[in-house]
Amino acid sequence: MGRVRKRYAVPLGVLGTGVAGIGYASVIERNWFRLRRYDVPVLAPGQRPIKILHISDTHLTPGRRRLIKWVSALDALEPDLVVNTGDSISHRDAIGPFLDLLGPLLDRPGVFVYGSNDMYSPVPKNPARYLWRTSQKDYSKRRTVPDLPYRELGAAMTAAGWLDLNNATGTIKAGDTEIWLGGINDSHINRDRYDEIAGPAQGPLSIGVMHSPEPRNLDRFVADGYQLLLAGHTHGGQLCVPLYGALVTNCGIDRARVKGLSRHGDAWLHVSAGLGTSPYAPVRFCCPPEASLLTLVPAS
Ligand SMILES: [Fe+2]
């Protein structure tokens, strides 16, 4: 009896640890929302700070009440501008819940771009496959016609006064500052058309907005003089290794800049690790869901 117990002790221990790990990643960390704060020195001396709330990758499905409540409460931060870098929904009935998630934030100045998941519903797949291939191939091979109501999603945000930056430019007033914004649709599914927005960024403050931080587009924003670039898509790696970080970025950017604030040429780059996951891979490990408050301050 003792020998049998000994033989199964190790495999049972490994199994127990695996089950506990998946339970933690899917129940606890996936709902352990964090607010990250960064100061970004891009303003002229003496200019009043501007607060930007950056949200991304909510992948909302109906019923995620904790996520909805947490994001809508961020209105208490009183941001001057809200930036949504896409992958907002993962279900055809998620537009209403997504508007609930924005809640009072919708009454503030806001801008948005789409991510691939706003257009294409999620499909079951091996969650470990992301380690050896990006999800880009899934779209180029099998998905050609969008099946999610992304136009209605965009129309709802536009109706609230938010600026649609999918291959478009525009200006928006945040606080007492007029900001020039340029944005592109998702490069992950080849919907980015930088040529349509190409040209020198205007005004004293300019922000580039995109879903996927693809270096070829980051380079073009920088060449046009944009000072701050905002993106999502990477989920910060989603499943990270302690003391090592993200294993993959799911796009062309390097692992070191998979999330957080960094430099890209003369511009600042902020990549959000996002707030959600695909419904078919509902786990996060060492990479909690996040929103970011970027406070633009004068450059010293
Ligand atoms: Fe995403």
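Any read-out appearing in this document is the output of simple, stated calculations on the displayed coordinates, not a laboratory observation. Everything numeric here is computed off the predicted structure, so don't read it as measured data. Cβ coordinates were reconstructed from backbone atoms using ideal geometry, including for glycine residues, and neighbour counts include every protein chain displayed.
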Quiz item: Dipole magnitude of region 32-298 about its Cα centre, charges +1 at Lys/Arg Cβ and -1 at Asp/Glu Cβ only, in debye to the nearest 20?
Solution: 1040 debye
Practice problem: Within the set of other residues whose C-beta is less than 9 Å from the C-beta of Asp87, count the net charge using Lys and Arg as +1 and Asp and Glu as -1. | Solution: -3
Exercise. Take the Cα coordinates of region 181-267, assign each an equal point scatterer, and use the Debye formula without solvent to give log10 I(q)/I(0) at q = 0.26 Å⁻¹.
Key: -1.32
Exercise. Would you mind working out the magnitude of the charge dipole of region 1-98 relative to its Cα centre, with +1 at each Lys and Arg C-beta and -1 at each Asp and Glu C-beta, to the nearest 20 Debye?
Key: 860 debye
Practice problem: With everything on Cα atoms, drop me the angle between helix 2-23 and the longest principal axis of the chain, reported from 0 to 90° to the nearest 10. | Solution: 20 degrees
Quiz item: Put +1 on the Cβ of every Lys and Arg and -1 on every Asp and Glu Cβ in the chain; which of Pro200, Leu275, Tyr226 then has its Cα farthest towards the positive end of the dipole?
Solution: Leu275
Quiz prompt | Charge sum, other residues only, whose C-beta stays under 12 Å from Ile172's C-beta, Lys/Arg counted +1 and Asp/Glu -1 | solution = -1
Practice problem: Starting from the amide H of Gly115, placed 1.01 Å from N in the peptide plane, find each other amide H under 5 Å away whose residue is 5 or more places distant or on another chain. | Solution: Asp87, Ser88
Quiz item: Rg and Dmax of the chain, Cα atoms, in Å?
Solution: 20.0, 78
Self-check item: Gaussian network model of the chain, Cα within-10 Å springs - most flexible of Leu99, Leu15, Leu239
Solution: Leu15
Quiz item: Using a simple spin-label model with points 7 Å from Cα along the Cα→Cβ vector, what separation in nm is obtained for Tyr8 and Thr144?
Solution: 5.3 nm
Quiz prompt | Chain lengthening between Val123 and Ser26 when straightened (0.36 nm per residue, less Cα-Cα) | solution = 33.1 nm
Practice problem: May I ask what percent, to the nearest 5, of DSSP beta bridges between residues of the chain are antiparallel? | Solution: 40 percent
Practice problem: Determine, for each peptide in 231-237, 150-156, the mean count of other beta carbons within 10 angstrom over its residues, then list the peptides with the highest first. | Solution: 231-237, 150-156
Practice problem: Have a look at Pro49, Ser212, Pro288 and report the one farthest towards the positive end of the charge dipole of region 32-298, computed about the Cα centre with Cβ charges (Lys/Arg +1, Asp/Glu -1). | Solution: Pro288
Practice problem: Quick one: compute the contact order of the chain, relative version, from alpha carbon pairs under 8 angstrom and 6+ residues apart, as a percent. | Solution: 27 percent
Self-check item: Extension gain from Arg66 to Ala155, taking 0.36 nm per residue of separation minus the Cα-Cα distance
Solution: 29.5 nm
Quiz item: Quick one: Karplus J couplings for region 275-282, per residue in order, coefficients 6.51, -1.76, 1.60, θ = phi - 60°, nearest Hz, x for Gly and Pro?
Solution: 10, x, 8, 4, x, 8, 9, x
